[in-house]
Each structure stands twice: as C-alpha cells, then as structure tokens.
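The structure appears below as structure tokens.
The values are calculated or read from the model by the stated rules, or taken from the named source; none is laboratory data. Fair warning: this is a prediction, and the values are worked out from it, not measured in the lab. Cβ placement follows ideal geometry from the backbone for every residue including glycine, while neighbour counts extend to all protein chains displayed. For accessibility, only protein heavy atoms count, side chains too; no ligands or nucleic acids. Shrake-Rupley method; radii C 1.70, N 1.55, O 1.52, S 1.80 Å.
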Amino acid sequence: MPKLNKGKTIKLSIRLSAGAREKIETAAKNLGVSMAGVILFELTKLLKNPPSKSEITDLEDTMTLEREHFVLTVNENLMNQINQLAEDYELKKNRLIGYIVSNHFQNAVHTGKENEVESKKLMVQVNETLKKKMMEYSEKHYIPLNALVSYSVLQGPSENLPSYEGGEMVTFFTNVPAYIGNMIKERAEEENIREHFYTSLCLYKQFMLPEGRFYDS
C-alpha cells in the first residue's frame, strides 16, 4: 500500500469522558485501528453539523471530562475548522472537541462487544475509480484505508451490481481484524461469490452510492 499522504499535520489535545474513552477503545479494537483513528473517523462527520452553542453549554453542566488529555494528529484543514468553532463558541479546543466527541460516543455510537483483534491480511480488488475515491478520502481526512475497509464490510454489501464508467481492476492488500476477515469469508460463501467480490460490493455501497457514508466526499 502507498504511504498515506498526511500533508501538514498538527497535534490536538482533547479531554474525553470516561464512558466515551471506553467505547472508543472497543471501537478501535474492533476496527483494527488506533483510538485516534476512531476519533478522527467520527469527528470528520461531526464537524459538518456540530452541536449548537446551547447544547455545548448543557454538556458542560451534565458531562464530566477526564483531566488527562488524549493527543491525536489532525491535518491543517480540520484544525482550521476546530479553531474557528472554538472561537465562535468561546471555549477552549480541548474541552469543546472533548464534549462533542464524548457526547457522540456515549449516546450515539454502538461499538459492540470486543471481538477477535488478531490482524489478518486481506486482498482487496476494486475498480480503479473506486480505489481513487478511497485514497482521496483517506488522505483528505487522515483516516487509514484499513479503517475504511473494516467499516464498509460491517455495513454490508450493495444489493445491486457495481456500475463504473470504464477503468481497470486494481488489487491491494490491507490488514483487518481477524473477525472481519472471517465475516467476509462466511458472507461470501452464503452469497456464493468470491471473497474479494463481496468486499468490493461493501466498498461500492459506501463510496459510490448516495446512501454511503463516504459518497462524494
């Protein structure tokens, strides 16, 4: 796999609630990525429609953030959004983003139970148009490809056959948690299709269809 193009990156320190930290740890293990990767995965979406100023004020009154800071690396574009939001809300970044992320994980995210986290190499074979979209999203939001693959598989495959305007098939390898690999094998057998085709259907659904999480990003 090509190395992720991080661009200019900046360190961001945030404070999390204990409950959110626990859920983030479970999600990180289930997706086979770091806790920072999980936070960035959700934060990218959350900043498109952040809580209102009054909602943040309510969280200040009801939520307790840990004193210990969690440090993650973000790209310049994301940090600019965070700086602007902190200025608008007149609140320090470490607390503002801590409230936004913690509230999301505590109340909106079901991370499931901890699964088998041993790493497994997975072959991914997709149309080059889809691969390009995956790489662009990965580099823009500083989210590793294996997280995008794992998430897409967990959401299931497209019910329709993929449709592309030209382009060749390309193959790459990535590491996913063992239970993700087992899931692909089981579901592919149920559908009587090859494992790499099942994986490509899952990625197609998330990147190429309007209802997908990563569509037109």
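For region 1-73, what does the alpha-carbon gyration tensor say about shape, rounded, prolate or oblate, given a ≥ b ≥ c as the root eigenvalues, a/c under 1.5 as rounded, and a/b over b/c as prolate? Let's see the in-between values first.
On the way: a/c = 1.97, a/b = 1.53, b/c = 1.29.
Prolate.
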Can you give me the distance in nm between label points at GLU136 and THR171, each placed 7 Å from the Cα along the Cα-to-Cβ direction? 2.6 nm
Helix axis angle, 35-46 relative to the chain longest principal axis, alpha carbon, degrees: 80 degrees
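Could you give the accessible area per residue of the chain, probe 1.4 Å, as a whole number in Å²? If you can, show how the numbers build up before the last one.
On the way: 11620 Å² over 217 residues.
For the chain, the per-residue accessible area is 54 Å².
Keeping the other protein chains in place, figure out the carbon and sulfur percent of the accessible area of region 69-217, with a 1.4 Å probe.
Numbers: 3340 of 7860 Å².
Taking all protein chains in place, region 69-217 shows 43 percent carbon and sulfur surface.
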So if R0 is 25 Å, what FRET efficiency would ARG213 and HIS69 give, r being the distance between their Cβ atoms, rounded to the nearest 0.05? 0.30
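From the C-alpha gyration tensor of the chain, pull out the three semi-axes of the equivalent ellipsoid (sqrt of 5λ each), sorted largest to smallest, in whole Å.
33, 19, 15
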C-alpha long axis of helix 195-208 to longest principal axis of the chain, angle in °: 50 degrees
Please enumerate, by chain and number, the lysines with C-alpha under 29 Å from the C-alpha of LYS131, excluding those fewer than 8 residues away in the same chain. LYS3, LYS6, LYS8, LYS11, LYS29, LYS45, LYS48, LYS120, LYS121, LYS140, LYS185, LYS205
